[in-house]
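Notes to accompany the following structure.
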Amino acid sequence: MSIFSRTDKSIAGRWWWTVDRWMLGLIIVLIVTGLWLAMTASPAVAERLGLDPLHFAKRQMVFLALSLVTVVGVSLMPVKLIRRLCIVGLPVLFFLIILTLTIGPVYNGASRWLQIGSFTLQPSEFLKPVFIVVTAWLLSADFKDEAIPAKLISFALMLFVALLLLNQPDVGQTFLIALVWLAQMALAGLPMVWLISAGLVGVTSLLMAYQFFPHVASRINRFIDPASGDTFQTDKAVEAIEAGGLFGKGPGEGTVKLSLPDAHTDYIFAVIGEEFGALAGLLLLALFAGIVLRGLMHLLEEEEPFKLLAAAGLIMQFGAQALINIGVNLAILPSKGMTLPFVSYGGSSMLALALGMGMVLALTRRNRFITSDRSTFSFPGVT
Amino acid sequence: MTDILSRTMTLEGTGKSAMEVARTRLIAAGALFLVVFMAMAYRTVELGLSATPGAEKASRNRLVQVAVARYKRSDIVDRNGEILATNLASASLYANAHKVDDISVTAQKLVKILPTLTLADVERKLKSGKDFVWLKRHLTPEQKWQINAIGNPALKFKADEVRVYPHGNLAAHVLGHVDIDGNGIAGLEHYFNGSLDDAAKTDEPLKLSLDIRVQHALADELSAAVSAHQATGGAGIVMDVNSGELLAMVSLPDFDPNNAGNEPENTRVNRAAFRVYELGSTFKTFTIAAALDDGIINMEDSFNAVKPLNVGPFTISDDHPKKRYLRVPEIFAYSSNIGMARIADTLGADRQKEFLSSLGMLKPAKLELTEVGRPVFPQRWKRLSSMTISYGHGISVSPVQLSTGIATMVNGGRLIPATLVAKNIDTNFGENAGSGQIISAATSRKIRQMLRVTVRQGTGSKADATGYRVGGKTGTAEKASGGSYDRDALISSFVGVFPMDDPKYLVFVLLDEPKGIEQTFGFSGGGWTAAPVVKNVILRTAPLLGVKPSVEDETLYKNVALLFED
């Protein structure tokens, strides 16, 4: 508290007194936890790939440090700058994604990456927060002037994004982006009838994805009927969590993780379950839930539509991604390549999330000593 | 002005209500997230509680990942895949001699751990100043641990492989052995050294025709006989007469290929393939077969065996003299040398030599061993030579050659070379089947009848394993010593084939200088010493080989039996 004087008018001083410190604290706890967990889950995979045991852990450390810098750095930016950067950034990302389709390398039948030196960049990860902010900007126009067909324009943009991502193909990201977009539309006042029809369209398009993308079909088949194919990863994940019991086997003691191919990325929750126990899994869930709920409830006092839509979208993206990943680990969702925010190994995904959460912090900066008059929406213990 | 104001008011109103909707829906979204988070939490706890100690143990068991060890040399397995030779990872100790500073202390410690080394030798090596000097190859894990504990950085280990023969002495002569660097220097290890070391094929074991169970039964019975009769050695073979595959090949005394370097020289001689012997009466089969096949004699013909036959300075006499004219089956069953010599005389030396040559008796056997014996026979194959060769004297062949020849006599007349490598029934089983029709199927049938009758009522009766219709021939040869024969030093052998009505397997047993014992009433000939071994081997192995005992079809031998006078 005594770092900055209340009369300090420097950028840092103003930031300290206006930023949502609870949110910042939770994000830092999550990042540190992620670093710790990367040390236990990744050596097994690194050794299996014939790399230095700490290969992934070291790189993860670099990514997490960069993430921390990004979160704080972005949260320092003025809202106007963020909006402008996103509006300019969106076409750039579209261009990069088109590049992945043409010159990007193909891994596992998908071209989602661009090779830059020894790092691979996945532009679609960065597209998520940027697209959410642009959507918020478009939809916030509806709050002021209904003459602009903002929802229609946004819908067209959404279709374009879906088209790009499905070409990679990346059904999982498309699904996530569409889900968040729909939530933003709902917040922007999309009538219930439309929401319900959109839900139906969502189900239909999932069925179509099932029809047209063989890997989606096989994953869903395996989820519905485990006997129909190889459910090795999911089985192993469940086995790992079961083996851990409530208190886990202890750090580094996991054995099921040795046979989990993606132990350091998509299935890190299972490794945590095995080594630290179901209770640690609960704590991690609580941490995610805390970030999401704190973030959303905090927005109840927000007056500006753009800030509300953008921040809510970013938080929901973060939360949905965590829930989908954990759901897959717990075998209650079909397997899908979705990372656990700040915990899974992966540079693009982590930096993109840092960007997103940094923007959330920037968007929710305000004078902490002036409260909204909307007492009807203030919950005890939330603000 | 009012217009503008009212518009602003309206806008304000829409904005406000839109914000209300947004906030309400935000709460709904938050609630939805909360519910899903709760569901995940429930599922996490559910999975965490479902662990039971037993379940975890089972999952651990399933998780054991066996790394497939890759070695530089192929395994050798028997026909059923039983491992006969394989590899183990080991460590070998070397030193970087110019880095050792406390030579005498280090050397003392090393000698204590490795008692086979001498102090002077180790010190000399450590003083040599070379960057690399071997100290000891193939350490045990415990020795390696102890040397590591010395903590001298100049002592280093090199990953090495050691060849292991899990069955020890069993089949040692067939497998051979390797030198310290793993190069085959005897037996199959030497013969197939190149392909066993072939880096592209180290996963493929070399599959032998041997059946280690049969090998064990033969080795066990043979060594019991060797010790009972105080023989200097023994040899044994079990062969598939229709494919030439050797199911067992034993040579006694034997050695442990795991420690071949320290075994006495004489144990390493393969008496079944390398040593050649004058094998005696078992050879009668060949001359009779040649004469029958050429139509020179008939089964009903009789020859004068009334008294010993004088040929020049040499006298041919019988071991079991009947002192009368003998029919052909009687000559065979009573093993009459006199009768045999007369048949050879009828056949002629040239034809006899040609016949034995076509049977492969005059060339080393084409076996997959480096140690294959060269037969010994007279350069001048005249009348007297022909007569003695007819009953197996004056010609030395290896047991494997004799077995191949007898197999040809009983399998319908086809010469099928003996082999130690498993034949694939689908691809190369029939490869050699037509390689040489030596005698007609009809002659082969007659030989089978005579072999069976020899066991039923002749000299081979002690080989009659009840129910297995054994046919066979004894062989008792005096060992040549200094230009004459020694009546007391015998090579006693017996070659048996079963079942005689449909020959499948041949069992050959040889004892080198057996002594007569009480149970054999002092006799040491093949019928007394080797025949019982053949019988026991058949009784032990026939069930393994799928040959069923059955009642004999008497009509098969009626014609031959009628030719016997007593």
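The values are calculated or read from the model by the stated rules, or taken from the named source; none is laboratory data. These figures come from a predicted structure and were not determined experimentally. FYI the Cβ positions are ideal-geometry reconstructions off the backbone, even for glycines, and counts take in every protein chain you see.
Here are the numbers for this structure:
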quantity	calculated
Pairs, first farther than 20 Å from B:Asp488 by Cα in region B:524-540, second among the β-branched types (Val, Ile, Thr) and assigned to a helix (DSSP H, G or I), C-beta under 9 Å, six or more apart	B:Pro532/B:Thr520; B:Val537/B:Val214; B:Arg540/B:Val214
Only listed residue being over 29 Å from A:Leu351 (Cβ atoms) and either within 14 Å of another protein chain (Cβ to nearest Cβ) or buried (at least 21 other Cβ atoms within 10 Å of the Cβ) (or both), chosen from A:Leu190, A:Leu139	A:Leu190
Which numbered condition A:Leu187 misses (of (1) without any contact (Cβ under 8 Å) to a residue 24 or more places away in the chain; (2) more than 17 Å from the chain's Cα centre (by Cα))	(1)
Subset of region A:272-294 (residues that are small (Gly, Ala, Ser) and more than 9 Å from chain B (Cβ to nearest Cβ))	A:Ala280, A:Gly290
Boolean, B:Arg275 is of a type in the set (D, E, K, R) and under 27 Å from B:Val162 (Cα atoms)	no
B:Lys462 modelled with pLDDT under 95, in contact with a Ser or Thr (Cβ under 8 Å, 6 or more places away or on another chain), closer than 30 Å to B:Arg414 by Cβ and of a type in the set (Lys, Arg)	no
Yes/no for B:Pro378 being closer than 30 Å to B:Arg456 by Cβ, surrounded by fewer than 17 Cβ atoms within 10 Å (Cβ to Cβ), touching a Ser or Thr at 6+ places or on another chain (Cβ under 7 Å) and at pLDDT 90 or above	no
Members of region B:319-336 that are farther than 13 Å from B:Ser390 by Cβ, at pLDDT below 90 and surrounded by 21 or more Cβ atoms within 10 Å (Cβ to Cβ)	B:Ala333, B:Tyr334
B:Phe332 under 19 Å from B:Lys446 (Cα atoms) and in a strand (DSSP E or B)	no
Considering residues of region A:330-349 that are over 24 Å from A:Ile28 (Cβ atoms) and within 14 Å of another protein chain (Cβ to nearest Cβ) only, the residue surrounded by the fewest Cβ atoms within 10 Å (Cβ to Cβ)	A:Ile332
Criterion violated by B:Ile237 - all others in (1) over 17 Å from B:Phe494 (Cβ atoms); (2) touching a strand residue (DSSP E or B) at 6+ places or on another chain (Cβ under 9 Å); (3) not in a helix (DSSP H, G or I) satisfied	(1)
Any hit, region A:151-158, residues being modelled with pLDDT of 85 or more and under 20 Å from the mean Cα position of the chain (by Cα)	yes
Evaluation of B:Glu82 against (1) more than 12 Å from every other protein chain (Cβ to nearest Cβ); (2) modelled with pLDDT under 85 (one fails), failing number	(2)
Test: A:Gly319 is closer than 30 Å to A:Asp142 by Cα and either surrounded by fewer than 24 Cβ atoms within 10 Å (Cβ to Cβ) or facing another protein chain (nearest Cβ under 10 Å) (or both)	yes
Evaluation of B:Ser195 against (1) closer than 15 Å to B:Thr370 by Cα; (2) at pLDDT 90 or above (one fails), failing number	(2)
Residue in region A:142-178 that is farthest from A:Gln321 (Cα to Cα), counting only those that are within 12 Å of chain B (Cβ to nearest Cβ) and exposed (fewer than 15 other Cβ atoms within 10 Å of the Cβ)	A:Ala147
Test: residue in region A:242-259 that is within 7 Å of another protein chain (Cβ to nearest Cβ) and among the acidic types (Asp, Glu)	yes
Scope region A:260-271; condition within 10 Å of chain B (Cβ to nearest Cβ) and either more than 16 Å from B:Tyr42 (Cα to Cα) or without any contact (Cβ under 8 Å) to a residue 60 or more places away in the chain (or both); matching residues	A:Ala270
Test: residue in region B:541-553 that is free of Cβ contacts under 8 Å to residues at least 12 places away in the same chain, more than 27 Å from the chain's Cα centre (by Cα) and outside any loop (DSSP other than H, G, I, E, B)	no
From the options B:Thr287, B:Thr315, residue that is at negative phi, of a type in the set (Ser, Thr, Tyr) and touching a helix residue (DSSP H, G or I) at 6+ places or on another chain (Cβ under 7 Å)	B:Thr287
Index of the failed condition, A:Leu99 passing every other in (1) surrounded by fewer than 20 Cβ atoms within 10 Å (Cβ to Cβ); (2) of a type in the set (A, V, I, L, M); (3) modelled with pLDDT of 90 or more	(3)
Candidates A:Leu182, A:Leu195, filtered to the one that is assigned to a helix (DSSP H, G or I), touching a helix residue (DSSP H, G or I) at 6+ places or on another chain (Cβ under 8 Å) and more than 21 Å from A:Phe318 (Cα to Cα)	A:Leu195
Pairs with Cβ under 9 Å, 6+ apart, first in region B:285-296 and closer than 17 Å to B:Thr454 by Cα and touching a residue at least 60 places away in the same chain (Cβ under 8 Å), second among the aromatic types (Phe, Trp, Tyr) and not in a helix (DSSP H, G or I)	B:Thr287/B:Tyr391
Matching helices (runs of 4 or more DSSP H) fully within region A:1-95 where at least 2 residues are under 24 Å from A:Tyr345 (Cβ atoms)	A:21-48, A:55-75
